[in-house]
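Undergrad: A single structure is presented below for examination.
The values are calculated or read from the model by the stated rules, or taken from the named source; none is laboratory data. Predicted, not measured: the structure shown is a model, and the values here were computed from it. Ideal geometry is used to build each Cβ from the backbone, glycine not excepted, and the neighbour counts take in all protein chains shown. With ligands, DNA and RNA removed, areas are computed over all heavy atoms of the protein, side chains included. Shrake-Rupley method; radii C 1.70, N 1.55, O 1.52, S 1.80 Å.
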Amino acid sequence: MIRNQTFYLFSFSSQLEFDDTLDYSHRNLSLLDPVEFVSSVKNPSRIKNLHLNSNMLLTLPTQIEQFQSLITMELSNNQLVQLPYEISLLMNLKNLYLKNNSLDDLSLPKGLEQLKQLEVINLGGNHLKQFPYQLFHMPNLKEIYLGSNQISFLPDLFQTLNK
């Protein structure tokens with residue numbers, strides 16, 4: 001008999017914390033306990049790199065906004081179907097990796113365009129059918145990865161992006 005198992009991140013006591021990086025990749029996590037996720041980190045606002053890649057996450061807790069110094073967030077190879085609006089409040093974020101998830105055209109928050117410092121975004125391997133309009137409002141964006149989606153054309157506004 002196969003049971004549907006959910007793996008929770010109950011204890012962060014074994015966290016891999018090196019200077020300014022939290023690495024919870026490859027841990028079979030499907031859900032982050034929002035309270036424990038933030039409360040177990042001594043000072044979330046000092047973390048610059050967060051690695052949650054290669055898990056089974058469906059979503060992120062809204063408490064992600066407390067990681068105000070994040071520069072890089074690695075969320076690739078999960079099962080994310082939605083990003084919380086609070087990800088748009090990470091004003092220092094420069095690198096956002098969302099490759100190989102289950103994101104579609106409605107999964108990205110409207111406020112994502114507030115990430116004015118964003119330089120790299122990887123949305124490859126998702127279920128996007130349209131070019132994400134939020135990317136047009138990111139003046140520092142240098143690299144956009146959209147391969148292995150269902151996007152069939154690039155809008156005329158594509159020419160307005162900085163080269």
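Undergrad: Quick check on the range 150-162. Is at least one of its residues open to solvent by less than 10 Å² (accessible area, probe 1.4 Å) and outside any loop (DSSP other than H, G, I, E, B)?
TA: No, the range 150-162 contains no residue that is open to solvent by less than 10 Å² (accessible area, probe 1.4 Å) and outside any loop (DSSP other than H, G, I, E, B).
Undergrad: Please pick out the residue among L135, L128 that is open to solvent by less than 10 Å² (accessible area, probe 1.4 Å), modelled with pLDDT under 95 and either not in a loop (DSSP other than H, G, I, E, B) or not aromatic (F, W, Y) (or both).
TA: Just one listed residue meets the conditions, L135.
Undergrad: State yes or no: is L22 at pLDDT 90 or above and in a strand (DSSP E or B)?
TA: yes
Undergrad: Could you please tell me which pairs satisfy a Cβ distance under 6 Å, a separation of 6+ or placement on different chains, a first residue in the range 111-123 that is touching a residue at least 12 places away in the same chain (Cβ under 8 Å), and a second residue that is polar (S, T, N, Q) and part of a strand (DSSP E or B)?
TA: Pairs found: V120/N95.
Undergrad: A further question follows. Could you please give the count of residues in the range 68-81 that are within 17 Å of F37 (Cβ to Cβ) and in contact (Cβ under 8 Å) with a residue 24 or more places away in the chain?
TA: Of the residues in the range 68-81, 7 are within 17 Å of F37 (Cβ to Cβ) and in contact (Cβ under 8 Å) with a residue 24 or more places away in the chain.
Undergrad: Taking the options L32, L93, name whichever one is crowded, with 17+ Cβ neighbours inside 10 Å and modelled with pLDDT under 95.
TA: L32
Okay, residues lined up against (1) at pLDDT below 90; (2) under 16 Å from S76 (Cβ atoms); (3) open to solvent by less than 50 Å² (accessible area, probe 1.4 Å); (4) assigned to a strand (DSSP E or B):
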| position | (1), (2), (3), (4) |
| --- | --- |
| R3 | yes, no, no, no |
| T6 | yes, no, no, no |
| F12 | yes, no, yes, no |
| F37 | yes, no, yes, no |
| N53 | no, yes, yes, no |
| M56 | no, yes, no, no |
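Undergrad: Please go through (1) in contact with a His (Cβ under 9 Å, 6 or more places away or on another chain); (2) open to solvent by 70 Å² or more (accessible area, probe 1.4 Å) for Q66 and return the number of the only condition it doesn't satisfy.
TA: (1)
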